[in-house]
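Colleague: Have a look at this one before I ask anything.
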Amino acid sequence: MFGIHDLALFILSGLLLNITPGQDVAYIVSTGAARGWKAGALAALGVSTGCLVHVSAAALGLSAILATSVTAFTVVKFAGAAYLVWIGIAMWRENNGNGRGDGAKAQKSMRSVYSKGFLTNALNPKVALFFLAFLPQFVAADSAQKPLALLVLGVIFTVNGTFVNLAYAFAAARAAALFNGGGRYKTWIKRAAGTVFLGMGVRLAMADRI
């Protein structure tokens with residue numbers, strides 16, 4: 001279909017890649033542990049939406065620009081690094097609240113959780129290059145529908161990844177509930193996650209394209 005081959009191998013490889021911890025998983029787990037299952041699920045959905053941006057870019061050939069243009073890659077890289085650092089600082093500055101207040105404040109907090117998940121993924125040029133390198137391996141070289149094949153594979157990868165990330169969010173929320181540490185415990189979760197994000201931001205800023 002559309003020149004796609006070895007679909008079972010693609011799904012298996014994708015699942016193995018999805019369960020490998022990275023900055024997306026770090027954000028989802030820290031959010032689920034500190035704010036509960038609902039917030040963790042929103043974080044996972046935000047990450048998936050960001051992933052679809054890269055999938056669309058790969059299908060349209062836009063990701064090739066990041067692979068060939070030093071300037072484009074550098075701009076996106078530093079934007080992503082700055083955002084990770086900003087998230088890390090924000091996590092350190094957050095109070096003991098769990099994001100479950102009433103009214104507009106709680107709704108705004110949940111929107112922020114989703115948008116942070118989206119930008120954490122969408123501003124990572126490494127994800128764009130990953131799709132550009134990974135997806136074409138499962139599309140026939142002579143396929144007349146390569147963009148559509150890449151899009152289908154990307155959506156499959158993202159859907160499977162969403163289920164994995166939701167499982168991470170659920171596990172993190174349940175584990176935190178078992179400890180029942182209260183606000184002080186949740187504050188330290190946020191600060192630990194904030195430190196991780198600061199480190200990932202610096203690492204991304206120093207990263208090469210390969």
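Colleague: Which residue pairs have Cβ atoms under 6 Å apart, sit 6 or more places apart or on different chains, and have a first residue in region 1-19 that is over 12 Å from Leu153 (Cα atoms) and a second that is open to solvent by 80 Å² or more (accessible area, probe 1.4 Å) and modelled with pLDDT of 90 or more?
Modeller: No pair meets every condition.
Colleague: Still on this model: Do we find that Ser109 is open to solvent by less than 40 Å² (accessible area, probe 1.4 Å), among the hydroxyl-bearing types (Ser, Thr, Tyr), more than 23 Å from Arg191 (Cβ to Cβ) and modelled with pLDDT under 90 in this structure? Before the answer, list the steps.
Modeller: Working: open to solvent by less than 40 Å² (accessible area, probe 1.4 Å): yes; among the hydroxyl-bearing types (Ser, Thr, Tyr): yes; more than 23 Å from Arg191 (Cβ to Cβ): no; modelled with pLDDT under 90: yes.
Against the criterion (open to solvent by less than 40 Å² (accessible area, probe 1.4 Å), among the hydroxyl-bearing types (Ser, Thr, Tyr), more than 23 Å from Arg191 (Cβ to Cβ) and modelled with pLDDT under 90), Ser109 does not qualify.
Colleague: Filter region 160-170 for residues that are touching a helix residue (DSSP H, G or I) at 6+ places or on another chain (Cβ under 8 Å) and not polar (S, T, N, Q) and give the result. Steps first, answer last, please.
Modeller: Step one: list which residues in region 160-170 are touching a helix residue (DSSP H, G or I) at 6+ places or on another chain (Cβ under 8 Å), which gives 160-162, 164-166, 168-170.
Within region 160-170, Gly161, Val164, Leu166, Tyr168, Ala169, Phe170 meet the criteria.
Colleague: Within the group Ala176, Ala104, Ala144, which residue is at pLDDT 75 or above and part of a helix (DSSP H, G or I)?
Modeller: Ala176
Colleague: Same structure, new question: Mind listing whichever residues of region 14-52 are open to solvent by less than 30 Å² (accessible area, probe 1.4 Å), over 23 Å from Ala192 (Cα atoms) and at pLDDT below 90?
Modeller: If the condition is that a residue be open to solvent by less than 30 Å² (accessible area, probe 1.4 Å), over 23 Å from Ala192 (Cα atoms) and at pLDDT below 90, then Gly14 is the only one that fits.
Colleague: Would you please list the contacts, defined by Cβ atoms under 6 Å and residues six or more apart or on different chains, that run from a residue in region 142-155 that is of a type in the set (Ser, Thr, Tyr) to a residue that is assigned to a helix (DSSP H, G or I)?
Modeller: Partner pairs satisfying both residue conditions: Ser143/Ala149.
Colleague: Look at region 29-53 and say how many of its residues are more than 11 Å from Phe118 (Cα to Cα) and either assigned to a helix (DSSP H, G or I) or basic (Lys, Arg) (or both).
Modeller: 12
Colleague: For region 186-201, state whether one or more residues are at pLDDT 90 or above and touching a helix residue (DSSP H, G or I) at 6+ places or on another chain (Cβ under 8 Å).
Modeller: no
Colleague: What pairs can you find where one residue is in region 45-65 and touching a residue at least 40 places away in the same chain (Cβ under 8 Å) and farther than 22 Å from Thr31 by Cα, the other is open to solvent by 30 Å² or more (accessible area, probe 1.4 Å) and hydrophobic (A, V, I, L, M, F, W, C), and their Cβ atoms are less than 6 Å apart, with a gap of 6+ or different chains?
Modeller: Every condition considered, the pairs that remain are Ala58/Leu132; Ala59/Leu151; Ser63/Leu132.
Colleague: Confirm whether Ala133 is out of contact with any strand residue (DSSP E or B) (no Cβ under 8 Å at 6 or more places or on another chain), aliphatic (A, V, I, L, M), modelled with pLDDT under 85 and more than 30 Å from Met206 (Cβ to Cβ).
Modeller: When the stated conditions are applied, Ala133 does not pass them.
The values are calculated or read from the model by the stated rules, or taken from the named source; none is laboratory data. The shown structure was predicted, so the numbers you read here are calculated from the model rather than taken from an experiment. FYI the Cβ positions are ideal-geometry reconstructions off the backbone, even for glycines, and counts take in every protein chain you see. Ligands, DNA and RNA are stripped out before the accessible areas are found, and what is left, the full protein with its side chains, is counted by its heavy atoms. Shrake-Rupley method; radii C 1.70, N 1.55, O 1.52, S 1.80 Å.
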